[in-house]
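Engineer: Structure in structure tokens, see below.
FYI, it's all coordinate maths here, none of it is from the lab. Being a predicted model, the structure only gives us computed values, none of them experimental. Here Cβ is always computed from backbone atoms with ideal geometry, including for glycine, and neighbour counts include all displayed protein chains.
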Amino acid sequence: MFRILLFVAVAVSFRTPSPAEDKARPTVVLTDEGRAVHFSGMLFDGHNDLPWELRKSGNSSFDQVDIAKNQPQQHTDIPRLRAGGVKAQFWSVYVSADTMVTGDALLQTLQQIDIVDQMIKRYPQTFEFASTADEIERIVRSGKIASMMGVEGGHSIEGSLGNLQRLYDRGCRYMTLTHSKTLSWADSATDDAKHGGLTDFGKEVIREMNRLGMLVDLSHVSPAVMHQAIEVSSAPIIFSHSSALAINDHPRNVPDDVLQRMPQNGGVVMVNFFSKFVIPTALREENENARGTIHDVVDHIHHIATVAGIDHVGIGSDFDGVPRLPEQLEDVSTYPLITQELLNRGYSKTDIHKILGGNVLRALRGAEQAAKR
Ligand SMILES: [Zn+2]
């Protein structure tokens, strides 16, 4: 029976390959086993931009965009979070790097934190605020979605360690060192490298994050910053939403020589789903608008699991922060298909549960322990 279903699924999925596809791979079909493995794990996604999406198109108001209902114009709403088995989420409180010019980076970041606060207050049956790894586990056991925040870009602290502490006190548990622009203290992966990595103040920021128990997030930074941050940090680092450079040569992705440092550091690389970061360079050059498929994303997971190790890979979708997503990964309801494809490739339940959330929970606990030392 299973084989027949599989055969049908494979047959149906074959279509005329677009110029950007050198091989068609079968549509992933969720099985009872896949569903059971997925929902018995703890999916803890590293990066979702719903707060920014709400600011842009919902006037920062859940009255205007009620996420208890289906909101197909965005990637995230409560019915689809539940369908996707999301158990814990780092909500990004991103604000544009242009705020470095307008001078209101901290103010806007605090407004984004207010959006997450509002969300938790408005939907108390669904979300609960978490500030530690233990709280995450307790909230997940209660059936709610544990909600933690991450700051996306060191511009948010406006050059002040006092502001960093303030963001920690408001519940932010990671900070991405840069966004798209190079700061006065750290080089971005997508801007001119002005400092050869981190300045002395940049290293001071990392030590202060270690002291507070805030995870250092190396998505968006230059390779030199990645290496230096790993050297300076006394705690595991994360990449909250980055994929593998060896598969797609994009500066937002993580090079193998950084992946190889993960076992010693204890960190986690959480794979981004954005088509532009995910689909291999050769295909992208043929068709800039190619979306790719879920198989491309699982290729990144597999590469990181192979080079960094099974304990150092996670999921950081970037839903509601990107304009184009692979087939079968269109929104937050689709995560069970990743579990299914990992099963299809021979991954065990134990290893899949590490990828879904066990690894990032361990890294968070590591940052908490480093703060106590
Ligand atoms: Zn980002």
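Engineer: Among residues belonging to region 215-238 that are hydrophobic (A, V, I, L, M, F, W, C), within 23 Å of Arg373 (Cα to Cα) and assigned to a strand (DSSP E or B), point out the one that is nearest to the ligand (Cβ to nearest atom). Write out each step before concluding.
Structural biologist: Kept after step one, since they are hydrophobic (A, V, I, L, M, F, W, C), are these residues of region 215-238: 215-216, 218, 221, 224-226, 229-230, 232, 235, 237-238.
Next cut, within 23 Å of Arg373 (Cα to Cα) only: 215-216, 218, 229-230, 232, 235, 237-238.
Next, only the ones that are assigned to a strand (DSSP E or B) stay: 215-216, 237-238.
Working: Leu215: 15, Val216: 15, Ile237: 16, Ile238: 13 Å.
Among those that are hydrophobic (A, V, I, L, M, F, W, C), within 23 Å of Arg373 (Cα to Cα) and assigned to a strand (DSSP E or B), it is Ile238.
Engineer: Looking only at region 185-210, which residues are away from the ligand (no atom under 16 Å from the Cβ) and surrounded by fewer than 18 Cβ atoms within 10 Å (Cβ to Cβ)?
Structural biologist: Asp192, Ala193, Lys194, Gly196, Thr199, Asp200, Phe201, Glu204, Arg207, Glu208
Engineer: In the set Phe277, Phe273, which member is surrounded by 23 or more Cβ atoms within 10 Å (Cβ to Cβ), aromatic (Phe, Trp, Tyr) and assigned to a loop (DSSP other than H, G, I, E, B)? Outline the logic, then answer.
Structural biologist: Working: Phe277 fails: assigned to a loop (DSSP other than H, G, I, E, B).
None of the other options fit; the residue is Phe273.
Engineer: Ok, one more. Considering only region 145-159, I want to know if a residue exists there that is free of Cβ contacts under 8 Å to residues at least 40 places away in the same chain, more than 16 Å from the ligand (Cβ to nearest atom) and assigned to a helix (DSSP H, G or I).
Structural biologist: So the first thing to find is which residues in region 145-159 are free of Cβ contacts under 8 Å to residues at least 40 places away in the same chain, and the list is none.
There is no residue in region 145-159 that is free of Cβ contacts under 8 Å to residues at least 40 places away in the same chain, more than 16 Å from the ligand (Cβ to nearest atom) and assigned to a helix (DSSP H, G or I).
Engineer: Let me ask something else about it. Among the residues of region 186-219, write down those that are of a type in the set (Ser, Thr, Tyr) and either in contact with a Leu (Cβ under 8 Å, 6 or more places away or on another chain) or on the phi > 0 side of the Ramachandran plot (or both). Talk me through it step by step, then tell me what you get.
Structural biologist: Residues of region 186-219 of a type in the set (Ser, Thr, Tyr): 188, 190, 199, 219.
Passing the criteria: none in range.
Engineer: In the list Ile338, Ile294, Ile352, Ile279, which residue meets the criterion of being of a type in the set (Val, Ile, Thr) and within 24 Å of Asp134 (Cα to Cα)? If you could, list the steps in order and put the result at the bottom.
Structural biologist: On the way: Ile338 fails: within 24 Å of Asp134 (Cα to Cα); Ile294 fails: within 24 Å of Asp134 (Cα to Cα); Ile279 fails: within 24 Å of Asp134 (Cα to Cα).
Exactly one residue qualifies, and that residue is Ile352.
Engineer: Say whether the condition of being within 16 Å of the ligand (Cβ to nearest atom), surrounded by 22 or more Cβ atoms within 10 Å (Cβ to Cβ) and not in a helix (DSSP H, G or I) is met by at least one residue in region 324-333.
Structural biologist: Residues of region 324-333 that are within 16 Å of the ligand (Cβ to nearest atom), as a first pass: 324-325.
Keeping just the survivors that are surrounded by 22 or more Cβ atoms within 10 Å (Cβ to Cβ) gives 325.
With not in a helix (DSSP H, G or I) added as a condition, the list becomes 325.
The answer is yes, given that some residue of region 324-333 is within 16 Å of the ligand (Cβ to nearest atom), surrounded by 22 or more Cβ atoms within 10 Å (Cβ to Cβ) and not in a helix (DSSP H, G or I).
Engineer: On to the next question. Can you tell me how many residues within region 239-255 are within 16 Å of the ligand (Cβ to nearest atom) and β-branched (Val, Ile, Thr)?
Structural biologist: Total satisfying the criteria: 1.
Engineer: Quick check, is Thr182 under 18 Å from Gln108 (Cβ atoms), within 22 Å of the chain's Cα centre (by Cα), of a type in the set (S, T, N, Q) and buried (at least 18 other Cβ atoms within 10 Å of the Cβ)? Give the steps one after another, and end with the answer.
Structural biologist: Values: under 18 Å from Gln108 (Cβ atoms): no; within 22 Å of the chain's Cα centre (by Cα): yes; of a type in the set (S, T, N, Q): yes; buried (at least 18 other Cβ atoms within 10 Å of the Cβ): yes.
In short, no.
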